[in-house]
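Trainee: Pasting in a structure now, in structure tokens, and then I'll have a few things to ask.
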2 protein chains.
Amino acid sequence: MSALKDKILETATDLFHTRGINSTGVDTIVAVAGTTKMTLYKYFASKEDLILEVLKKSQLDFQTWLNDKLNSTSKKPNDKIQQLFDYVEEWVNSPAFIGVGFIKASAEFPNEENPIHQLSSQQSREFRQFISKLARDASIKDADGLALQLSLLFEGAVQAEQMKRGSGAIKYAKKAAKILIDGAIKS
Amino acid sequence: MSALKDKILETATDLFHTRGINSTGVDTIVAVAGTTKMTLYKYFASKEDLILEVLKKSQLDFQTWLNDKLNSTSKKPNDKIQQLFDYVEEWVNSPAFIGVGFIKASAEFPNEENPIHQLSSQQSREFRQFISKLARDASIKDADGLALQLSLLFEGAVQAEQMKRGSGAIKYAKKAAKILIDGAIKS
DNA sequence: AAATAGGTATACTGACCTGTATATATCATA
DNA sequence: TATGATATATACAGGTCAGTATACCTATTT
């Protein structure tokens, strides 16, 4: 991949989060990235295409990072699901954290037929399935139910954190997650 | 209040949720409401002013409805907090449900200095304080902590429901809420 | 030295946006 | 009937937006 394409993706990701997607024009993106519109449109067919690629890359980066973290410490399924929110907390509290793409995108593109909304919806579903697999590996009966609950805490906490940085929401989300996981393991 | 002002507010509320705030122009609003821009700008100083009023009215309506519901069945504090998510579920599953204004607005206006973002943030905080009062009345020790957790579930569930109608998220949010409330009462 | 490829610079089109100016119509009340 | 308030119709100004057209630059390769 070209260095410039990467730079554009990175810049767009940042601007979309700090200013909003619809409020960020391609002129602004290329100006901040230090290139021109001609170059942007050489790599991306349209702004919509750029948004979709930004969403894909963001989610891939996060999922890769999280997966590596989970595999780095323990291989035991029960440890993994218990540690999930520890890493989510680490990620949310890191200076690089700017939010979750699919949450913001689905809010800005509410129409269910919009490709951006559809991708967001799919990514949210995939993340839930990822948690569900962790739960199933830990022999939790209603894995899907627990995964849904944990994903609600996750999305709620990210939302709260974006509304006000340093809200401490993730700390209480972690506590709630522990209670729900322990309850699901016992039953 | 003028009937036309009400009609404009109502139309704007609906369009903001179904199409997004930034994607909805004032021309569209007045066309759907069956009036003209001149009338809109007689009642609202600017589009930003209209957005702020839409947010205020939406939150007031919801809070009033919820409060009435909570007072209609039981006066006992312990019943109230247990019934909170029953009514939230009723509200989310009603055909009139279109989402929560302050969640979408804070996503579309991420800049913390923006008046719309500030109002959204304030409304989120007020709703959390409302839950906290319910918890305090029920003699729960860490009322603020529980309120934060419940608000995460609430916001997460609404988010999920908006991403896909009929997701069933609220059902599992309700179950999670019960576990967290019961845990908080005992301790 | 010439050709090729990747990036730059800049201007433009046509659409859409918020907000305003101006002139007209409707209708209740005095 | 006359007055004044309210709403309408329409056109416009000034700005921003996505996307394209054209010409130029620069460096590597042949």
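Trainee: In Å², rounded to the nearest 100, what is the total accessible surface buried by chains B and A against each other with a 1.4 Å probe?
Mentor: 3100
Trainee: What's the center-to-center distance, using Cα atoms, between region B:96-131 and region B:58-72 in Å?
Mentor: Their Cα centres are 17 Å away from one another.
Trainee: Using a 1.4 angstrom probe, figure out how much accessible area chain B has per residue, in square angstrom, rounded to the nearest whole.
Mentor: Dividing the accessible area of chain B by its residue count gives 46 Å².
Trainee: Buried by at least 50 Å² relative to the chain on its own: which residues of region A:111-159 qualify, computing accessible area with a 1.4 Å probe on protein heavy atoms?
Mentor: A:Leu148, A:Gln149, A:Leu152, A:Gln159
Trainee: Using a Gaussian network model of chain B whose springs link C-alpha atoms within less than 10 Å, name the residue from B:Leu84, B:Leu134, B:Leu152 with the highest mean-square fluctuation.
Mentor: So, out of B:Leu84, B:Leu134, B:Leu152, the one fluctuating most is B:Leu152.
Trainee: Taking a label point 7 Å out from Cα toward Cβ, give me the nm distances from A:Gly34 to the same spot in the other copies, shortest first, one decimal.
Mentor: Counterpart label points of A:Gly34 in the remaining copies fall at 5.8 nm.
Trainee: Counting only protein heavy atoms, what percent of the accessible surface of the protein assembly as shown is carbon or sulfur at a 1.4 Å probe?
Mentor: Ligands and nucleic acids excluded, carbon and sulfur reach 51 percent.
Trainee: Between A:Thr28, A:Thr18, A:Thr73, find the one with the highest GNM mean-square fluctuation for chain A; connect C-alpha pairs within less than 10 Å.
Mentor: Answer for the Gaussian network model of chain A: A:Thr73.
Trainee: Related question: Rounded if a/c is under 1.5, else prolate if a/b beats b/c, else oblate: with a ≥ b ≥ c from the C-alpha gyration tensor eigenvalues square-rooted, which is the protein assembly as shown?
Mentor: oblate
Trainee: Continuing with the same structure: Just the Cα atoms of chain B, one point each, no solvent: what log10 I(q)/I(0) does Debye give at q = 0.09, 0.10, 0.11, 0.16 Å⁻¹?
Mentor: -0.37, -0.45, -0.54, -1.01
Trainee: Using a Cα-Cα cut-off of under 29 Å, which lysines could be cross-linked to A:Lys75, ignoring same-chain neighbours fewer than 8 residues away?
Mentor: By straight Cα distance, A:Lys75 reaches A:Lys56, A:Lys57, A:Lys133, A:Lys141, A:Lys171, A:Lys174, A:Lys175, A:Lys178, A:Lys186.
Trainee: So which aspartates and glutamates pass the test for A:Lys7, namely a Cα distance under 20 Å, with those fewer than 8 places away in the same chain ruled out?
Mentor: A:Asp27, A:Glu48, A:Asp49, A:Glu53, A:Asp61
Trainee: While we're on this one: One decimal, nm, shortest first: give the distances between the label point of B:Gln63 and those of the same position in the other copies, each label point 7 Å from Cα along Cα→Cβ.
Mentor: Counterpart label points of B:Gln63 in the remaining copies fall at 4.0 nm.
Trainee: For B:Ser23, place a label point 7 Å out from Cα along the Cα→Cβ vector, do the same in each other copy, and report the separations in nm, one decimal, smallest first.
Mentor: Sorted ascending, the copy-to-copy spacings read 1.7 nm.
The values are calculated or read from the model by the stated rules, or taken from the named source; none is laboratory data. Only a predicted model underlies this, so the values are computations on that prediction, with no experimental measurement involved. Neighbour counts run over all protein chains shown; Cβ positions are idealised from the backbone, glycine included. Surface accessibility is based on the protein's heavy atoms, side chains included, excluding ligands, DNA and RNA. Shrake-Rupley method; radii C 1.70, N 1.55, O 1.52, S 1.80 Å.
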